[in-house]
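Have a look at the structure below, then the notes.
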Amino acid sequence: MHRIDIDTVKSPNKTFNNYGGNNFWPAPEGGIFGFNYEGNTWRVQSAINSEPFIMINKSQKSAIAHKQTMLINRKGTQIKVNMHRTFSIAPVTELFNQITPVCSFAYTVEDCVDVLNQLDSEDGLLGCWTLEQFNAGKTTIAFVLVEDVYNAVNFDFYEHPNERLDYGSRGLIYRTDGIKAGQIGIKTAANASCIGFCDTASRIICIREIVVPSQGTYLNFADNDQPKGPYSAADNYSIFNGGPTQNFFELETVGAAEIDHGIVKGSKLVTKTSFAIFSSEQEVKQFIENLIGIEIK
């Protein structure tokens, strides 16, 4: 279902090892505490780019992966952390209850990052950030199920997506065509039910849900200078549309930072991803139209 780069998995020797799949990164990306910058140069640090997770437990329905590493933010603060992922096969989303797909599948992932040394919130912030990556094309359309559709989107990333964004009565769609890089955030305050995408050509629908609300303080995780500071936005979902050299898009979820009297303790995020395959393109369009309240052309 995902975009997967098996060759890079086998030989992770690039400046940016873009594995695809479902990845766990530290947030924020940009700003004064960004984890993806060395000065003004964008980079992926080795803790994320090349250090593997170690499988510490597995069964037919679940697996646990773990690594202890050192993260370094743009300010130069060194943060010793445990990063922990628990993967479990799960029942599919209740949104699929009223339909009968050809087949369906779902899993939950509990992502945790625990700070092991003392981290003052004046020196750094930290939140879980998970990115699921998929092949983009003319037939892939991302969506958000949310009530207050016209106030739900944070545009503090790239330029306004204009014609790529359309509003329905119960949500919005974002055309993830892989033609021009862009991104939207979904404000935590909007209480979105889920994000997802459909591929009408492959007859696939995917839905991502935050199944346990993250506790703590949400951050501006955007890849920009964040001139109004690291608390100037608070998103828990995001959708990224890659450009022509990337040919992918991402469904992203973001967790809150746990801060106790100015000391950052870590972050926790629990999400569920559900897939369904339908027998026809029309069934896919009808499901999205009923869900979001918008005609898919």
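The values are calculated or read from the model by the stated rules, or taken from the named source; none is laboratory data. Bear in mind that the values here come from a model prediction, so they are computed numbers and not experimental data. Ideal geometry is used to build each Cβ from the backbone, glycine not excepted, and the neighbour counts take in all protein chains shown.
Values for this structure:
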{"quantity": "Of all residues making up the range 64-94, the number that are more than 21 Å from PRO26 (Cα to Cα) and under 20 Å from the mean Cα position of the chain (by Cα)", "calculated": "5"}
{"quantity": "Conditions (1) modelled with pLDDT of 95 or more; (2) surrounded by fewer than 19 Cβ atoms within 10 Å (Cβ to Cβ); (3) of a type in the set (A, V, I, L, M): number failed by ILE179", "calculated": "(1)"}
{"quantity": "Test: residue in the range 204-214 that is within 24 Å of ARG164 (Cβ to Cβ) and in a loop (DSSP other than H, G, I, E, B)", "calculated": "no"}
{"quantity": "Options VAL113, VAL109: the member that is crowded, with 18+ Cβ neighbours inside 10 Å, in contact with a Pro (Cβ under 7 Å, 6 or more places away or on another chain) and under 26 Å from ILE210 (Cβ atoms)", "calculated": "VAL113"}
{"quantity": "Residue that is surrounded by the fewest Cβ atoms within 10 Å (Cβ to Cβ) [pool: residues in the range 217-263 that are in contact with a helix residue (DSSP H, G or I) (Cβ under 9 Å, 6 or more places away or on another chain) and either part of a loop (DSSP other than H, G, I, E, B) or without any contact (Cβ under 8 Å) to a residue 40 or more places away in the chain (or both)]", "calculated": "ALA234"}
{"quantity": "Subset of the range 10-42 that is closer than 16 Å to ASN236 by Cα and among the aromatic types (Phe, Trp, Tyr) - its residue that is surrounded by the fewest Cβ atoms within 10 Å (Cβ to Cβ)", "calculated": "PHE24"}
{"quantity": "First in the range 180-201 and free of Cβ contacts under 8 Å to residues at least 12 places away in the same chain, second anywhere and in a loop (DSSP other than H, G, I, E, B) and not polar (S, T, N, Q), Cβ under 6 Å, 6 or more apart", "calculated": "none"}
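This table checks each residue for (1) among the basic types (Lys, Arg); (2) in a loop (DSSP other than H, G, I, E, B); (3) within 20 Å of GLY185 (Cα to Cα); (4) modelled with pLDDT of 95 or more.
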{"position": "ASN57", "(1), (2), (3), (4)": "no, no, no, yes"}
{"position": "LYS75", "(1), (2), (3), (4)": "yes, yes, no, yes"}
{"position": "PHE105", "(1), (2), (3), (4)": "no, no, no, yes"}
{"position": "VAL113", "(1), (2), (3), (4)": "no, no, no, yes"}
{"position": "GLN133", "(1), (2), (3), (4)": "no, no, yes, yes"}
{"position": "GLU147", "(1), (2), (3), (4)": "no, yes, yes, no"}
{"position": "HIS160", "(1), (2), (3), (4)": "no, yes, yes, no"}
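For (1) in contact with a strand residue (DSSP E or B) (Cβ under 7 Å, 6 or more places away or on another chain); (2) closer than 19 Å to THR271 by Cα; (3) polar (S, T, N, Q), each residue gets a yes or a no:
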{"site": "GLY196", "(1), (2), (3)": "yes, yes, no"}
{"site": "SER202", "(1), (2), (3)": "no, no, yes"}
{"site": "ILE207", "(1), (2), (3)": "yes, yes, no"}
{"site": "ILE210", "(1), (2), (3)": "yes, yes, no"}
{"site": "GLN215", "(1), (2), (3)": "yes, yes, yes"}
{"site": "GLY229", "(1), (2), (3)": "no, no, no"}
{"site": "GLY243", "(1), (2), (3)": "no, no, no"}
{"site": "GLN246", "(1), (2), (3)": "no, no, yes"}
{"site": "LEU251", "(1), (2), (3)": "yes, yes, no"}
